[in-house]
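**Q** Take this structure, written in structure tokens, and hold onto it; I'll ask about it next.
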Amino acid sequence: MRYFVQFSYKGKAYHGWQKQPNAITVQEVLEKAFSMMLRETVSLTGAGRTDSGVHAKVMYAHFDSEVLFLCTELIYRLNAFLPDDIAVSEIYEVPVESHARFDALERIYEYWIVQEKNPFLTDAAYYVKYPLNIELMNKAATILVEHKDFECFSKSNTDVKTYLCDVRKAIWTNDGDKLVFTISADRFLRNMVRAIVGTLVDVGLGKSSLTDIESILESKDRSNAGVSVPAKGLYLTTIKYPKNIIDYNG
């Protein structure tokens, strides 16, 4: 049987999602928990990988198991065993050919910025003390949707075959005590969102113009874009799948 598991985590204590030989990761912790509860070796295939320190409000992975279990009971047992910064919310039985990564239709990220010192968001958002021109930042964000090649925002020396991404939405909004950047696409390159935010913040600070954004995108050169903002402000919030896999995923 193949199952999808929906879960969330705070990334501060982890070196990203994907297992690494000398660092603790979310995948490692979850696989140990599943293996212990089901009393068999469980391998999780994630919907993607998040970098060190990045959070996920919603993340998916799939696994195979021959063990019969009640999903609600397994979720309860897993959450009792897992650390406080990881939580399992759902486990779905899915068609056997379903794949958490390759079947994902859309991914949505948020990036949080605060402009006043806030002790409750110290580890959850990036503090920018200088005034930001949100109107200009949104005009710059609109330019992203008009492009397909995002090599200029990709981490160097990656093993991807293409830098093409279908960015469908990119917008800044005020949400109470924080400024939120929301971006959705079919796929994202490594470090892409944090590099985009850093570049758009430069626009908001008056360090770059809208013309500069066009030039950066056309250059395909990471060194021309802005710095990568801290991981602590980045959240994976939604992953959408075909209805035959998950009919509703928030």
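The values are calculated or read from the model by the stated rules, or taken from the named source; none is laboratory data. Since the model is a prediction, treat every value here as computed from it, not as a measurement. Ideal geometry is used to build each Cβ from the backbone, glycine not excepted, and the neighbour counts take in all protein chains shown. These area figures cover heavy atoms from the full protein model, side chains too; ligands, DNA and RNA do not enter into them. Shrake-Rupley method; radii C 1.70, N 1.55, O 1.52, S 1.80 Å.
Let's see how each residue does on (1) more than 18 Å from the chain's Cα centre (by Cα); (2) among the acidic types (Asp, Glu):
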| site | (1), (2) |
| --- | --- |
| 18 | no, no |
| 21 | yes, no |
| 27 | no, no |
| 41 | yes, no |
| 49 | no, no |
| 61 | no, no |
| 66 | yes, yes |
| 71 | yes, no |
| 79 | yes, no |
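**Q** Kindly evaluate residue 196 against the criterion of being buried (at least 20 other Cβ atoms within 10 Å of the Cβ) and in contact (Cβ under 8 Å) with a residue 60 or more places away in the chain.
**A** Here the answer is no, as residue 196 does not meet what is asked.
**Q** Please list, ordered by first then second residue, the pairs with beta carbon atoms under 8 Å, 6 or more apart or interchain, first in region 70-99 and touching a residue at least 40 places away in the same chain (Cβ under 8 Å) and under 18 Å from residue 36 (Cα atoms), second among the aliphatic types (A, V, I, L, M) and open to solvent by 100 Å² or more (accessible area, probe 1.4 Å).
**A** Between residues of region 70-99 that are touching a residue at least 40 places away in the same chain (Cβ under 8 Å) and under 18 Å from residue 36 (Cα atoms) and residues that are among the aliphatic types (A, V, I, L, M) and open to solvent by 100 Å² or more (accessible area, probe 1.4 Å), the close pairs are 81/36.
**Q** For a quick check of your reading of the model, give me the residue pairs whose first member lies in region 133-160 and is touching a residue at least 40 places away in the same chain (Cβ under 8 Å) and closer than 17 Å to residue 194 by Cβ, whose second is open to solvent by less than 30 Å² (accessible area, probe 1.4 Å) and in a loop (DSSP other than H, G, I, E, B), with beta-carbon atoms closer than 7 Å and at least 6 apart or on different chains.
**A** Qualifying pairs under 7 Å: 150/165; 150/189; 152/225; 153/189; 153/225; 154/189; 154/191; 155/191.
**Q** Can you confirm whether residue 80 is crowded, with 20+ Cβ neighbours inside 10 Å and not in a loop (DSSP other than H, G, I, E, B)?
**A** no
**Q** Scan region 86-109 for residues that are in a loop (DSSP other than H, G, I, E, B) and either touching a His at 6+ places or on another chain (Cβ under 9 Å) or open to solvent by 40 Å² or more (accessible area, probe 1.4 Å) (or both) and report the count.
**A** So the answer is 10.
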